[in-house]
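Colleague: One structure follows; several queries about it will come next.
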Amino acid sequence: MSVHVAEQSGDKKQKMTVLDFKKFKEEGRKFTYVTAYDYTIASIVNESDTEVILVGDSLGMIMLGYDGTTAVTMEDMIHHIKPVVKGAPDTFIVGDLPFGSYHESIEQAIHNAVRLYKETGCDCVKLEGGVEMADTIRAIVKAGVPVMGHIGLTPQTAGSLGGFKVQGGTPERAAQLIEDAKTLEEAGVFSMVLECVPKGVAKALTAEVNVPVLGIGAGPYVDCQVLVLQDMLDMYSDFKPKFVKHFAHIRGAMVDGLNQFHEETLNGEFPSKEYCFNATVEGYEIDK
Ligand code: KIV
């Protein structure tokens with residue numbers, strides 16, 4: 001049985017702030033970061049020790065059944081971030097800027113970052129890209145919206161990267177990734193996601209920046225581990241990336257529960273007396 005950190009110390013869970021990210025890095029304190037796209041799941045994550053929630057555009061696949069993330073819109077993101085903010089008041093919430101919402105111009109990027117932050121109440125926005133995004137990040141930060149970067153495998157532009165593949169696999173590409181990370185830090189991100197990178201490259205990159213590196217498929221030498229909740233709890237079954245460990249088997253438990261409901265309905269075991277309103281109404285008495 002796992003012991004919650006908050007329970008152990010007797011303290012209530014403390015919501016992280018943007019400043020805590022740097023503090024955690026300085027103190028070498030690890031933390032975890034998972035996705036949520038709705039109120040119920042957000043409230044479950046809020047009850048756990050998890051420090052950060054991402055309302056990622058991966059909701060395109062996980063919640064909407066799309067093949068990828070590129071079709072996700074600002075309206076989709078706003079629709080899903082709002083209930084997560086409501087369900088997880090003690091957890092830092094990241095809102096993903098969807099593909100096309102920050103690529104046209106710096107003005108468009110500021111407009112959509114401010115909109116997402118203001119309309120949903122999330123704690124920061126996240127956007128994908130390396131050195132080419134530096135000016136955009138600088139402008140959004142200057143407008144007052146905290147930005148989390150995302151480099152390595154960037155799902156929104158996975159097509160141009162040749163698909164969902166490991167990044168930084170040659171010395172030149174590894175050096176470019178480290179350059180991306182340093183440029184993002186200089187542009188003002190307070191943390192950055194690093195996705196699908198060999199662990200040695202991730203280790204070197206993590207040592208080169210002063211903001212936390214949040215790794216997904218990037219090995220153990222990063223500052224924080226990220227996973228899509230529906231992957232790590234074995235709920236989403238279309239695809240399982242190599243880096244995903246199943247920490248519970250919720251899909252199987254749900255199918256079992258549904259089958260038990262079906263069986264008990266068919267054999268009359270459900271609903272038994274305890275699940276009925278048993279008041280007797282004249283003219284409507286029941287024999288048994
Ligand atoms: O949208 C998402 O879930 C992400 C994670 C893969 C980090 O960006």
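Read the figures in this text as sums done on the coordinates, not as results from a lab. In this text, all values refer to a predicted model and were calculated from it rather than measured experimentally. Cβ sites come from the backbone with ideal geometry, for glycine too, and all protein chains shown count toward neighbours.
Colleague: For the stretch 137-145, take each phi angle, set θ = phi - 60°, evaluate the Karplus expression 6.51 cos²θ - 1.76 cosθ + 1.60, and give the result in whole Hz per residue in order, putting x for glycine and proline.
Modeller: Couplings: 4, 4, 5, 5, 4, 5, 6, x, 10 Hz.
Colleague: Take the eigenvalues of the Cα gyration tensor for the chain, scale each by 5, and report the square roots as semi-axes in whole Å, largest first. The partial results should precede the final answer.
Modeller: Working: eigenvalues 324, 85, 80 Å².
Equivalent ellipsoid semi-axes, largest first: 40, 21, 20 Å.
Colleague: Continuing with the same structure: Per residue Cα convex hull volume for the stretch 164-224, in cubic angstrom?
Modeller: Working: hull volume 4.3 nm³, N = 61.
Per-residue hull volume (Cα only) is 70 Å³.
Colleague: Here is a follow-up. How large is the Kirkwood hydrodynamic radius of the stretch 146-288, counting all unique pairs of alpha carbons, in Å? List each step's numbers first, then the result.
Modeller: Working: mean 1/r = 0.0530 Å⁻¹.
About 18.9 Å, per the Kirkwood formula over Cα pairs.
Colleague: Once phi is turned into θ = phi - 60°, what whole-Hz ³J(HN,Hα) does the Karplus curve with 6.51, -1.76 and 1.60 give for every residue of the stretch 64-70, x standing for Gly and Pro?
Modeller: 10, x, 6, 7, x, 9, 5
Colleague: Given contacts defined as C-alpha pairs under 8 Å and at least six residues apart, what's the relative contact order of the chain, whole-number percent? The partial results should precede the final answer.
Modeller: Numbers: 509 pairs, mean separation 41.7, N = 288.
Worked out over the chain, it gives 14 percent.
Colleague: Checking the cross-link filter: which lysines have an alpha carbon closer than 22 Å to that of Lys199, excluding same-chain neighbours under 8 positions apart?
Modeller: Lys199 reaches Lys22, Lys25, Lys30, Lys165, Lys182, Lys240, Lys242, Lys245.
Colleague: Considering only DSSP beta bridges whose two residues both sit in the chain, what percent are antiparallel, to the nearest 5?
Modeller: On the way: 1 of 28 bridges.
The antiparallel proportion sits near 5 percent.
Colleague: Next question, about the same structure. Got a sec to turn the phi values of the stretch 101-112 into Karplus ³J(HN,Hα) couplings, 6.51 cos²θ - 1.76 cosθ + 1.60 with θ = phi - 60°, whole Hz, x for Gly and Pro?
Modeller: With the stated coefficients, the stretch 101-112 comes to 8, 9, 9, 6, 6, 5, 4, 4, 5, 5, 4, 6 Hz.
Colleague: To continue, here is another question. For the stretch 35-104, compute the orientation-averaged projected area of the C-alpha convex hull (one quarter of its surface), in nm².
Modeller: On the way: hull surface 17.8 nm².
Spelled out: convex hull of the Cα atoms, projected over all directions, averaged, 4.5 nm².
Colleague: Still on this model: Go through the stretch 123-174 and name the trypsin sites (Lys or Arg not before Pro) that are in a DSSP coil and have 13 or fewer other Cβ atoms within 10 Å of their Cβ. Numbers along the way, then the final one.
Modeller: Details: sites: Lys126, Arg138, Lys142, Lys165, Arg173; in loops: Lys165.
Answer in residue order: Lys165.
Colleague: Let me ask another. Label Glu27 and Phe239 with points 7 Å out from Cα along Cα→Cβ: what is the distance between them in nm?
Modeller: It works out to 3.7 nm between the two label points.
Colleague: Could you state the number of Å between the C-alpha centres of the stretch 158-184 and the stretch 218-233?
Modeller: 19
Colleague: Report the Cα centroid-to-centroid distance between the stretch 238-280 and the stretch 25-52 in angstrom, as an integer.
Modeller: A separation of 26 Å, based on Cα centres.
Colleague: So which aspartates and glutamates pass the test for Lys142, namely a Cα distance under 15 Å, with those fewer than 8 places away in the same chain ruled out?
Modeller: Cα-Cα hits under 15 Å: Glu107, Glu185, Glu186.
Colleague: In vacuo Debye scattering of the stretch 72-199, one point per C-alpha: log10 I(q)/I(0) at q = 0.21 Å⁻¹?
Modeller: At q = 0.21 Å⁻¹ the computed log10 ratios are -1.22.
Colleague: Under a cut-off of 16 Å between alpha-carbon atoms, report the aspartates and glutamates in cross-link reach of Lys273, not counting same-chain residues fewer than 8 places apart.
Modeller: Answer for Lys273, where 16 Å is the Cα cut-off: Glu264, Glu285, Asp287, listed by chain and number.
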